[in-house]
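Notes follow the structure.
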Amino acid sequence: MTAPLIDVHAHFVTDGYVEAARAAGHTEPDGMPGWPTWSAAQHLDLMDEHGIATSLLSISSPGTHFGEDLPARRLSREVNEAGAEIRAAHPDRFGHFASLPLPDAEGAVAEAVHALDQLGADGLVVETNAAGRYLGHPDNDPLWAELDRRAAVVFVHPTSPLAAEALTAGRPRPMLEFVFDSARAFADLVLSGTLHRYPDIRWIATHGGGALPLLADRIELFRGLFGDAAAGTVPVSQQLARLWFDTAGTPFPHQIPALERSVGTGRLLYGSDYCWTPRPAVAAQIASVDDAPQPAGTSWRALTTDNARRLLPQLPDPGPARPG
């Protein structure tokens with residue numbers, strides 16, 4: 001029997017969003033050759049083919065802030081209302097993580113409150129950095145305080161770092177820089193004390209946390225050598241173990257076993273990264289999950305779905321396992 005999946009890392013785009021991004025110069029976003037297309041019908045067809053019961057939709061990199069606060073607030077509201085409409089049209093199949101216009105922290109607080117209270121968003125999505133400002137920046141504290149009070153889910157998606165063109169020699173930034181920017185973002189959340197000060201936010205680290213699990217001991221070493229008190233006294237490995245991690249990307253044969261050794265699997269979630277990951281690559285990734293050695297007494301499908309139900313209990317019941 002094959003357990004249904006809950007996909008916490010799924011994306012959508014709208015015509016208006018792509019038009020605004022292109023107008024701001026993102027014609028080859030993050031070094032990729034162009035923009036994907038998306039429709040609810042195509043997404044549902046993919047879900048049905050692979051036994052995905054529910055997908056949590058979000059806007060991916062480069063986010064919704066292209067340099068000016070007011071247009072970013074309007075664009076965030078526009079894509080969030082679109083996401084809420086998709087969710088309302090298919091309440092048993094789609095959830096939604098609402099976009100925030102960081103680095104405009106004031107606008108981000110207002111949009112988070114509106115999205116959670118008025119649109120019924122399941123959580124929020126932020127990029128690993130906003131114009132080079134990482135998430136532990138003090139200006140973001142009012143946002144984290146509000147989301148901590150609500151015990152909100154915050155989905156952290158990687159984006160290009162500053163000077164990405166020089167770093168990548170023209171290669172697509174998702175190949176390497178997304179992996180390292182996830183590590184930078186969560187190292188910053190640890191070392192700034194943000195994870196310590198706002199313990200009730202439920203953070204999702206995408207792509208298995210990128211390089212983060214492999215660097216936890218090194219971060220702890222340097223924190224000890226240089227007496228970084230902001231991060232508190234809880235070891236880095238224990239702070240990271242409170243995060244949730246998704247499988248988007250290339251989870252097997254190497255990444256998830258390394259993540260399991262570092263933080264366990266009690267907060268592991270499934271992620272497809274569709275529509276930015278093309279349909280054939282989604283199929284290959286799911287095959288790698290199904291073909292990998294399965295955890296004792298369960299399967300990666302069942303384990304990640306059970307974890308997602310604990311994180312997001314408001315989602316519809318994914319239903320029973322099906323013959324597979």
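Values in this text are rule-based calculations from the coordinates and carry no lab data. Please read these numbers as outputs of a predicted model, since none were measured by experiment. Here the Cβ is made from the backbone with ideal geometry for all residues, glycine too, and neighbour counts use every protein chain on show.
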Global geometry of the chain, whether rounded, prolate or oblate, following the gyration tensor of its Cα atoms and the 1.5 cut on a/c: rounded
MRE, 222 nm, helices only [DSSP H, n ≥ 4, -39500 (n - 2.57), over the chain, to nearest 500]: -13500 deg cm²/dmol
Kirkwood hydrodynamic radius of the range 156-217, Cα pairs, Å: 12.4
Amide hydrogen neighbours beyond the local backbone of His11, cut-off 5 Å, H modeled: Ser58, Tyr274, Cys275, Trp276
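Test of understanding: ordering His43, His137, His9 by Cβ neighbours within 10 Å, fewest first, what list do you get?
Numbers: His43 25, His137 17, His9 28.
With the sparsest Cβ surroundings first, the list reads His137, His43, His9.
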Distant-in-sequence amide H partners of Asn129 (H built 1.01 Å from N, under 5 Å): Thr159
